[in-house]
Amino acid sequence: MELRQLKYFVKSAEYLNFSEAAKHLFITQSTLSQQIKQLEFELGFTLFLRNSRHISLTEAGEEFLPFAKRTIQDAEDSVQRLNDLQNVKTGTLRVGVTYSLSTVLTEGLMQFMRSFPGIRLEVCYKTVQELLVLLRERKVDFILSYKPLMEAPDIEAMPLFENALALVVDKGHPLASRRKVKLAELQAHQLVLPSPGLQARSMLDRLMEGKDFQLSSRLELNETNILLQMVSSGTYATILSTSAVFGNTRFKAVPIDEPGNAMQASLLTLKGAYKKASAREFINILLNTEAVKRRLVNWFD
């Protein structure tokens, strides 16, 4: 059994299509099929059920898949450990970040790129649920996000700072002068809101539980920048975390005065997974950025 064969098996299980898997592995379909058959012969089990159009995992294939993934990851981790022992400052660091914390990441990215010019950065912006899938598949090294509202026992969360939801308005908006605002007061104002699935929306929905009123929105979007463009007109208001407009003098974040309005910005990693040296260096830089340290003092600027 070869590591290459395990990688072929895992990729085939991911796509459940030998043609697609071969394309992503940059090999021919016939080569892939031969290697899978060889692996099945060595194991003494059929891993895939095949017909003219589709493939599917057998019971043996389902059982074998997590062990194959673990073996591949252990091999990759061992190589990474050796590189780290030699203090090699090359390779790729893959960072996942939620939309609302993008402003927190920028300062750390700049410092890291100056300090480690030999390391290539890949930054992926998605919702926390999408990023957790990538983390579990080892397609990102860590995530900068608010701690998931749902329990995730396989995820470790390193707290960075606490944050809260706020009504975000243009400085000319009638509510811009308020020190805080209740959700019930927002019924009289035109809102554009983040879409379901975004962390700010999930938190808002939680705060709305048990209320005897609903908030209506003219528009729902999963793109924070467009929401803020709408808000900049002065007509609309939105509800986001304060981090979404951190350092932006164009907007005012008015605290939402509701019990339980607190979110914990965190670095999320896979429990038990090896943390490569470049990831540890990036995290140390991030913890010492002004973007993080200022938030430890005050949520609202």
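The values are calculated or read from the model by the stated rules, or taken from the named source; none is laboratory data. Everything numeric here is computed off the predicted structure, so don't read it as measured data. When we count neighbours, we look across all protein chains shown, and the Cβ atoms used for this are built from the backbone with ideal geometry, even at glycine.
Checking each residue in the range 18-33 for being of a type outside the set (S, T, Y) and surrounded by fewer than 14 Cβ atoms within 10 Å (Cβ to Cβ) picks out H24, F26.
Of all residues in the range 264-285, those that are closer than 17 Å to D77 by Cα and in the same structural domain as G96 (by TED's automatic domain parsing) have Cβ atoms under 6 Å from Cβ atoms of residues that are among the aromatic types (F, W, Y) and in a strand (DSSP E or B), 6 or more apart or on another chain, in T269/F142; A279/F142.
Only one of the numbered conditions (1) touching a His at 6+ places or on another chain (Cβ under 7 Å); (2) among the basic types (K, R); (3) touching a residue at least 60 places away in the same chain (Cβ under 8 Å) is violated by K11, and that is (3).
Across the range 264-290, the number of residues qualifying as buried (at least 16 other Cβ atoms within 10 Å of the Cβ) and in a helix (DSSP H, G or I) comes to 8.
For the range 112-124, the set of residues classified as modelled with pLDDT under 90 and surrounded by 15 or more Cβ atoms within 10 Å (Cβ to Cβ) consists of F116, I119, listed by residue number.
With a requirement of 1 or more residues that are of a type in the set (G, A, S) and surrounded by 14 or more Cβ atoms within 10 Å (Cβ to Cβ), the strands (runs of 3 or more DSSP E) lying completely within the range 149-216 that satisfy it span 155-163, 165-170.
When you look at T238, is it more than 21 Å from the chain's Cα centre (by Cα), within 21 Å of S102 (Cα to Cα) and loosely packed, with under 13 Cβ neighbours inside 10 Å, yes or no? Against the criterion (more than 21 Å from the chain's Cα centre (by Cα), within 21 Å of S102 (Cα to Cα) and loosely packed, with under 13 Cβ neighbours inside 10 Å), T238 does not qualify. For the range 137-153, the candidate set comprises residues that are modelled with pLDDT of 90 or more and over 9 Å from the mean Cα position of the chain (by Cα); within that set, the residue that is farthest from I72 (Cα to Cα) is D141. Take L132 and decide whether it is over 26 Å from K293 (Cβ atoms) and out of contact with any Phe, Trp or Tyr (no Cβ under 8 Å at 6 or more places or on another chain). Yes: the conditions hold for L132.
In the range 241-263, which residue that is part of a strand (DSSP E or B) and of a type in the set (G, A, S) is surrounded by the fewest Cβ atoms within 10 Å (Cβ to Cβ)? Quick ask: steps written out before the conclusion?
Of the range 241-263, the ones part of a strand (DSSP E or B) are 241, 251-256, 263.
Subset that is of a type in the set (G, A, S): 241, 253.
On the way: S241: 27, A253: 23.
For the range 241-263, the residue satisfying everything is A253.
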